[in-house]
Amino acid sequence: MKLYSVDLNNVSEPELSQWFDAMSESRKEEVTRLKNDAKRKSKIAADRLSRAAVSEFCGISPAEIRFSKNEFGKPFAVGLDVFFSISHSGDLVCLAVSDRKIGIDIEKNREIRLDAAKRFACESELEYIGGSTERFFEIWTLKEAYFKCIGTGLGADIKNVSFKKTDGGYECSENGFLLTKLVLPDGYTGFVCEKI
């Protein structure tokens, strides 16, 4: 597994324009339709990271890479034996690439109604979250990373998979997954979930 990230505060307008020019026509159209400038920048950076990571991992030119999405919207590189996952929040865009199924999720911590956890957390996770915004985002990003890893995105069975913090890190109720807490700038929480 290899991780990549971009802080959008460190990307100049000429760089962003160059990255945009390298995108596929359909992706350019998708980005151009976005009304929010921050979302446009994130999408452009996400495409750039995806191309750079897959290119490096597979040893091919970025121009040779064609992306598509599965039925749940998870992107993949057509015809290549590589897995990647991307997440963006705030000014940060992160990507994980591997030869195994992988999911990544990051969130910029912010004020949130903690009772929202009842929509996605099981009883033991709710106890762990308690009154902590930091723990709320830990459980949320663990769930997102897991569902991105399995390729389905969040669904009705979100409470059927649970996570807990242990002395050695974090554990998933489903076997066969490696969970890694990301070292991110202050104010961000994130995890990678990799199928083992």
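The values are calculated or read from the model by the stated rules, or taken from the named source; none is laboratory data. If you're wondering where the values come from, they're calculated on a predicted model, not measured in any experiment. Neighbour counts are summed over all protein chains in view; Cβ atoms, including those assigned to glycine, are modelled from backbone coordinates with ideal geometry.
List of remarks:
- Filter result for Ser12 (touching a residue at least 24 places away in the same chain (Cβ under 8 Å), of a type in the set (Gly, Ala, Ser) and outside the structural domain of Phe191 (by TED's automatic domain parsing)): no
- If you filter region 162-195 down to residues that are touching a residue at least 12 places away in the same chain (Cβ under 8 Å) and more than 18 Å from the chain's Cα centre (by Cα), you find that the one that is surrounded by the most Cβ atoms within 10 Å (Cβ to Cβ) is Ser162.
- Flag if Asp81 is of a type in the set (Asp, Glu), within 17 Å of the chain's Cα centre (by Cα) and under 22 Å from Ile196 (Cβ atoms): no
- Qualifying positions in region 130-171 - over 21 Å from Met1 (Cβ atoms), at pLDDT below 95 and among the aliphatic types (A, V, I, L, M): Leu154, Ala156, Ile158
- Residue selected from region 13-72 under the condition in contact with a strand residue (DSSP E or B) (Cβ under 9 Å, 6 or more places away or on another chain) and assigned to a loop (DSSP other than H, G, I, E, B), by the criterion farthest from Lys2 (Cα to Cα): Ser24
- In region 59-66 there is at least one residue matching the filter, namely being surrounded by fewer than 13 Cβ atoms within 10 Å (Cβ to Cβ) and hydrophobic (A, V, I, L, M, F, W, C).
- Close Cβ contacts (under 9 Å, 6 or more residues apart or on different chains) running from residues in region 68-94 that are at positive phi and touching a residue at least 24 places away in the same chain (Cβ under 8 Å) to residues that are crowded, with 17+ Cβ neighbours inside 10 Å and among the charged types (D, E, K, R) comprise Gly90/Glu107.
- Residues in region 50-68 that are farther than 12 Å from Ala22 by Cβ and under 16 Å from the mean Cα position of the chain (by Cα): Ala53, Val54.
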